[in-house]
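This report refers to the structure that appears directly beneath it.
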Amino acid sequence: MQVPGLRLLCEIHAELGPPIEKGDGPGGRWRIIPIIGGMVKGERLSGRILNLGADWQSVYDAGHAELDTRYVIETHDGAMIDIRNFGFRHGPPDVLARLAAGEDVDPSLYYMRTNPRFQTGDPRYRWLNHTIFIGTGERMANAVRVGVFEVI
């Protein structure tokens with residue numbers, strides 16, 4: 001069986017607004033973090049992130065967070081692309097506490113992986129609709145950086 005490879009598609013730098021705390025849920029708490037802009041840079045996909053989206057997070061008492069983002073990319077050549085990105089973030093309690101306090105933390109100290117799914121009607125980018133991607137992320141005080149890799 002062939003082992004899949006990875007090819008870098010782009011790097012996403014998403015700017016975040018202040019979290020909206022929704023309160024406690026089963027086993028943790030719920031929050032919404034607005035995605036207010038940012039940039040997408042890559043050879044095959046580049047553009048800007050519109051102020052139109054958010055991350056609906058579930059932060060569990062067991063020490064992990066489910067990430068569920070949805071936002072829109074406007075490419076450098078005018079295409080509109082939806083991205084939905086589901087993933088997990090977890091790590092040692094002291095590292096997660098530093099992230100929660102807004103500190104910049106070396107991303108090798110915690111796990112942040114995602115499964116980006118793209119959707120567009122633009123024929124130039126339709127290939128995104130039926131391609132598998134994975135992402136590796138880094139949380140900063142007011143932004144998130146995600147490297148998006150095509151599974152080949």
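Readers should treat all values here as calculations from the given coordinates under stated rules, not as data from a laboratory. As the structure is a computational prediction, the values presented were derived from the model and not from experiment. So basically every Cβ, Gly included, is an ideal-geometry build from the backbone, and we count neighbours across all protein chains shown.
Can you sort TRP127, TRP30 by how many other beta carbons sit within 10 Å, fewest first?
TRP127, TRP30
How much mean residue ellipticity at 222 nm does the chain get from its helices, if each DSSP H run of length 4 or more adds -39500 (n - 2.57) and you divide by all residues, to the nearest 500 deg cm²/dmol?
After summing the helix terms and dividing by residue count, I get -1500 deg cm²/dmol.
Mind checking the full-extension length gain between ALA62 and MET1? Use 0.36 nm per residue of separation minus the Cα-Cα distance, one decimal, nm.
18.3 nm
For segment 57-152, with only Lys/Arg (+1) and Asp/Glu (-1) charged at the beta-carbon, what is the dipole magnitude about the Cα centre, in debye rounded to 20?
With only Lys, Arg, Asp and Glu charged at Cβ, the dipole is about 260 debye.
Given Cα pairs under 8 Å that are at least 6 residues apart, what percent is the relative contact order of segment 10-152?
Details: 360 pairs, mean separation 28.7, N = 143.
Averaging sequence separation for qualifying contacts and normalising by length gives 20 percent for segment 10-152.
How many angstrom separate the Cα center of segment 71-85 from the Cα center of segment 4-66?
15
If I take all pairs of Cα atoms in segment 4-51, what percentage of them are more than 16 Å from each other?
Tail fraction, whole percent: 58.
Give the Rg/Rh ratio for the chain, taking Rg as the radius of gyration of the Cα atoms and Rh as the Kirkwood radius, to two decimals.
Reported Rg/Rh (Cα atoms, Kirkwood Rh): 0.98.
Sort HIS76, HIS64 so the one with the fewest other Cβ atoms within 10 Å of its own Cβ comes first. Could the numbers behind the result be given before it?
Values: HIS76 12, HIS64 16.
Listed from fewest to most nearby Cβ atoms, that is HIS76, HIS64.
Ranked highest first by average number of other Cβ atoms within 10 Å, how do 84-95, 14-25 line up?
For the peptides 84-95, 14-25, the packing ranking is 84-95, 14-25.
Using the basic label-point model (7 angstrom from Cα toward the beta carbon), what is the LEU52 to LEU109 distance in nanometres?
Using points 7 Å along Cα→Cβ, the separation is 3.8 nm.
Given Cβ point charges of +1 (Lys, Arg) and -1 (Asp, Glu) and nothing else, what value in debye, to the nearest 20, does the dipole of segment 1-103 about its Cα centre take?
Working: 11 positive and 14 negative charges, 31 e Å.
Here segment 1-103 has a charge dipole of around 140 debye.
Per 0.36 nm of contour for each residue apart, how much would the distance between GLU74 and ASP94 grow if the chain were fully extended, relative to their Cα-Cα spacing?
Length gained between GLU74 and ASP94: 3.5 nm.
Return MET112, MET140 ranked ascending by Cβ neighbour count within 10 Å, so the fewest neighbours appear first. Numbers along the way, then the final one.
Working: MET112 21, MET140 17.
Least to most surrounded, the residues fall as MET140, MET112.
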